[in-house]
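Below: the structure, in structure tokens.
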Amino acid sequence: LSSLNSLQGQIPFEHIFVVDDGSDVPVTLPDTYCINLLRLPKNEGIVAARNAGLKMILNANYQFIALLDAGDICLPTRLEKQLNFLLSNEEVAIVGSAVSFTDMQGKHLFFFKPPLLDNDIKRAMFFNCQFCNPSVMMRMNALKDVGEYDPNFQYVEDYEIFRRVLKKYKGA
């Protein structure tokens, strides 16, 4: 619920899609949100859940997708800044941000500050992922082009799909 609450006050967006991955405790959502909820019959892992979510939206006419996992928090201007950046930089298909990591009580643990420029990001991606999933906004056409999450990369699914996007497009 904290993740959804962090979206309040952000730029207006068309839809929120939530995938209940089929875990033992089902996702419960308040009636105050207009959410498209997909409940998977059983937990088959994060790749299956991400791909099920993508299948819900890939055929729709969306221009952008912003990612956010349960428990992750958006700063109040994240979506607006990323949307404006992508609208002003049509050659960029994926944009992330710096991320503050906290413990379950909200105590700051460390700060991740990735490179800003495409060439620097691509170079650094050889060593580790330069995008944190809950900080990413992407162009839908890039996702349609590279395809869904690859089940052969369980546990590094985000890294793998971001690398595929960056092979064909610019990142920031």
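The values are calculated or read from the model by the stated rules, or taken from the named source; none is laboratory data. Quick caveat, the model's predicted, so the values are computed rather than measured. Neighbour counts run over all protein chains shown; Cβ positions are idealised from the backbone, glycine included. SASA here: full protein model, heavy atoms, side chains in, ligands and nucleic acids out. Shrake-Rupley method; radii C 1.70, N 1.55, O 1.52, S 1.80 Å.
Here are the numbers:
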| quantity | calculated |
| --- | --- |
| Near pairs, Cβ below 6 angstrom, 6+ apart or cross-chain, from the stretch 35-51 (closer than 22 Å to L7 by Cβ) to any residue that is among the β-branched types (V, I, T) | I35/I16; I35/V18; L37/V18; L38/V19; A49/V19 |
| Residue identified as within 24 Å of R164 (Cα to Cα), at pLDDT below 95, open to solvent by 40 Å² or more (accessible area, probe 1.4 Å) and under 17 Å from the mean Cα position of the chain (by Cα) among L75, L79, L68 | L68 |
| Criterion (among the aliphatic types (A, V, I, L, M), open to solvent by 70 Å² or more (accessible area, probe 1.4 Å) and either assigned to a loop (DSSP other than H, G, I, E, B) or touching a residue at least 12 places away in the same chain (Cβ under 8 Å) (or both)) met by exactly one of L87, L116 | L116 |
| Unmet criterion (only one of (1) without any contact (Cβ under 8 Å) to a residue 24 or more places away in the chain; (2) farther than 23 Å from V47 by Cβ; (3) polar (S, T, N, Q)) for N152 | (2) |
| Checklist (1) touching a helix residue (DSSP H, G or I) at 6+ places or on another chain (Cβ under 6 Å); (2) at pLDDT 95 or above applied to D120, failing item | (1) |
| Top-ranked residue of the stretch 1-35 - restricted to ones that are under 18 Å from L67 (Cβ atoms), assigned to a loop (DSSP other than H, G, I, E, B) and of a type in the set (D, E, K, R), ranked as modelled with the highest pLDDT | D21 |
| Exclusive hit being touching a Cys at 6+ places or on another chain (Cβ under 6 Å) and of a type in the set (F, W, Y), set Y155, Y159 | Y159 |
| Qualifying residue in the stretch 93-103 (condition: of a type in the set (F, W, Y) and outside any loop (DSSP other than H, G, I, E, B)) | yes |
| Residue that is small (G, A, S) and modelled with pLDDT under 85, where the choices are A48, A52, A60 | A60 |
